[in-house]
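Student: Attaching a single structure in C-alpha cells format; questions to follow.
The values are calculated or read from the model by the stated rules, or taken from the named source; none is laboratory data. Predicted model only: the values in this text are computed from it and were never measured. No Cβ is skipped: glycine too gets one built from the backbone with ideal geometry, and neighbour counts run over all protein chains shown. Heads up: the accessible areas ignore ligands, DNA and RNA and are worked out on the full protein's heavy atoms, side chains in. Shrake-Rupley method; radii C 1.70, N 1.55, O 1.52, S 1.80 Å.
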Amino acid sequence: WYQRRVRADQQPGASDQLDLARVIRILGTATCGKLLSSAAGCIQHLVYNHNPMKSRVRELGGIQVLVRLLQAEEDVAQSALGALRNLSYGHQNHLNKIAIKDSHGIPLLVQLLTSSENFEILELVTGVFWNLSSSEQVKGQLLRQALEPIVKEIIVPQSGWKGSQYHQDVGQGVECTTVFRNATGCLRNLSSAGIDGRQMMRSCHGLVDSLLFVLRSVVGKNAVDNKAVENSVCILRNLSYRLDTEVSPEHKYGHAEDWRSRGLGGGQFKRKEIEDGSDFKKKKNSKKHKGKVLCVDT
C-alpha cells in the first residue's frame, strides 16, 4: 500500500506528512509482521535525504516505536533498522541520535549484533552505531555498552588476528566487508572521545592487536586505499595521543613488543565526525552478502 509514494527524485510533500502520521500509528498498533515491515520500510523511504521529515518522525514518536520493533521477528527488526539508520544519518539529526539512545536503543542494537548471523542485519546495526558515534552525547554509552561487543564480534574475527603471536602469518589479511568498515568507522569516532574513552579502548582486549594486524596485512599489497584501513590508522593514531602521560608505568615499561611501551606521540587526529553514509532507500529483493569487498569512501 505504501509503494505509491513519491519517486526517488521527488521531495515528500504535505500528503506525505499526513501519511507519515498514519504509518507511525500503524507501527504502534499493528500485529501483522508483514504490515509492520512495510510500515517501517515506508518510513525509511520517506525520510531518505529529507531532514525535516526525519525531525517529524521524532516529533510524532516514531523513533521510540521503531526501537521497540528491534525486538520483533527478524524481518520486522531488519526493516526497523533500515529506518533507524536513515533517521540517524547526518549531523543535523543529532536529536534523533539522542532519541535512539534515550529509547534504550543501544542495548537492543548490541543484542542484535551478538545474536544475529544475518549479514544484512549486522550491516545495518553497525551502520546505526557509526551514525550514533558522531554525537558527543551518545559516545559515552557506546563506549560502555557497545565497544567490547563490536571488538569481539566484528573487529577481531574479521581482522584475521588469531590472538596469539604478533608475527603470525598474515594470510589473506583483513576481510573488508561493509560490516568491518562500519565498525571501524564507529570506533574511529569513539577514539576521539577524550582520555576516558582512549583508556577504555586501549584496554579493550584484542582491539589494538587486531588493528595492527590489519595494517600488517595490507603492507606491500594493493589494499591500502580503502575506508577500513583509513579508519584503522586513525583509531591507532588517536589512541597513541598523550600515551606517555596516560598509560600506567607497568604498561609503559613492559615487554618490548607491547605497542604501549613505544611512547608513540603526535597530535590527536580529529577530523569532522564521519558517519556511515548510509542514508539509503529500502532495497528491493536484496540478497545476503557473504564476504563482499566494499570499501567505498563516505
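Student: Across the stretch 230-250, what is the number of residues that are open to solvent by 10 Å² or more (accessible area, probe 1.4 Å) and either of a type in the set (Asp, Glu) or at pLDDT 90 or above (or both)? I'd like the intermediate steps shown before the answer.
Tutor: The initial filter retains those residues of the stretch 230-250 that are open to solvent by 10 Å² or more (accessible area, probe 1.4 Å), namely 230, 233-234, 236-237, 241-242, 244-250.
Narrowing further to those that are either of a type in the set (Asp, Glu) or at pLDDT 90 or above (or both): 230, 233-234, 236-237, 244, 246, 250.
Summing the residues that are open to solvent by 10 Å² or more (accessible area, probe 1.4 Å) and either of a type in the set (Asp, Glu) or at pLDDT 90 or above (or both) in the stretch 230-250 gives 8.
Student: Which pairs have Cβ atoms under 8 Å, sit 6 or more apart or on different chains, and link a residue in the stretch 51-65 that is without any contact (Cβ under 8 Å) to a residue 40 or more places away in the chain to one that is of a type outside the set (A, V, I, L, M, F, W, C)?
Tutor: Cβ pairs passing all conditions: ARG56/GLN17; VAL57/ASN96; GLY61/GLY28; GLN64/SER103.
Student: How many residues are under 19 Å from GLN141 (Cα atoms) and in a helix (DSSP H, G or I) if we restrict to the stretch 177-221? Reasoning before the result, please.
Tutor: Here is the first cut: in the stretch 177-221, the residues under 19 Å from GLN141 (Cα atoms) are 182-205, 207.
Okay, now just the ones that are also in a helix (DSSP H, G or I), so 182-190, 195-202, 207.
Of the residues in the stretch 177-221, 18 are under 19 Å from GLN141 (Cα atoms) and in a helix (DSSP H, G or I).
Here's the yes/no breakdown for (1) of a type in the set (Lys, Arg); (2) in contact with a Pro (Cβ under 9 Å, 6 or more places away or on another chain); (3) assigned to a helix (DSSP H, G or I); (4) open to solvent by less than 20 Å² (accessible area, probe 1.4 Å):
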| residue | (1), (2), (3), (4) |
| --- | --- |
| GLY28 | no, no, yes, no |
| LEU36 | no, no, yes, yes |
| CYS42 | no, no, yes, yes |
| MET53 | no, yes, yes, yes |
| ILE63 | no, no, yes, yes |
| LEU109 | no, no, yes, yes |
| LEU113 | no, yes, yes, yes |
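Student: Also, quick follow-up: May I ask you to say which residue of ASP102, ASP75 is under 17 Å from GLU123 (Cα atoms) and open to solvent by 10 Å² or more (accessible area, probe 1.4 Å)?
Tutor: Result: ASP75 is the single residue among ASP102, ASP75 that is under 17 Å from GLU123 (Cα atoms) and open to solvent by 10 Å² or more (accessible area, probe 1.4 Å).
Student: Just checking, does the stretch 115-128 include any residue being surrounded by fewer than 23 Cβ atoms within 10 Å (Cβ to Cβ), of a type outside the set (S, T, N, Q) and either outside any helix (DSSP H, G or I) or in contact with a strand residue (DSSP E or B) (Cβ under 9 Å, 6 or more places away or on another chain) (or both)?
Tutor: Within the stretch 115-128 (the criterion being surrounded by fewer than 23 Cβ atoms within 10 Å (Cβ to Cβ), of a type outside the set (S, T, N, Q) and either outside any helix (DSSP H, G or I) or in contact with a strand residue (DSSP E or B) (Cβ under 9 Å, 6 or more places away or on another chain) (or both)), the answer is yes, since at least one residue qualifies.
Student: Ok, one more. Restricting the stretch 189-210 to residues that are in contact with a Ser or Thr (Cβ under 8 Å, 6 or more places away or on another chain) and closer than 14 Å to VAL151 by Cα, which is surrounded by the most Cβ atoms within 10 Å (Cβ to Cβ)?
Tutor: LEU190
Student: Go over the candidates ASN182, ASN96, ASN118 one by one and state the one that is modelled with pLDDT of 95 or more and closer than 23 Å to GLY62 by Cα.
Tutor: Sole residue among the options that is modelled with pLDDT of 95 or more and closer than 23 Å to GLY62 by Cα: ASN96.
Student: To continue, here is another question. Within the group VAL170, VAL224, VAL174, which residue is crowded, with 21+ Cβ neighbours inside 10 Å, modelled with pLDDT under 90 and part of a loop (DSSP other than H, G, I, E, B)? Even if it seems obvious, please write down each step before you answer.
Tutor: Numbers: VAL170 fails: crowded, with 21+ Cβ neighbours inside 10 Å; VAL224 fails: crowded, with 21+ Cβ neighbours inside 10 Å.
After ruling out the rest, the residue left standing is VAL174.
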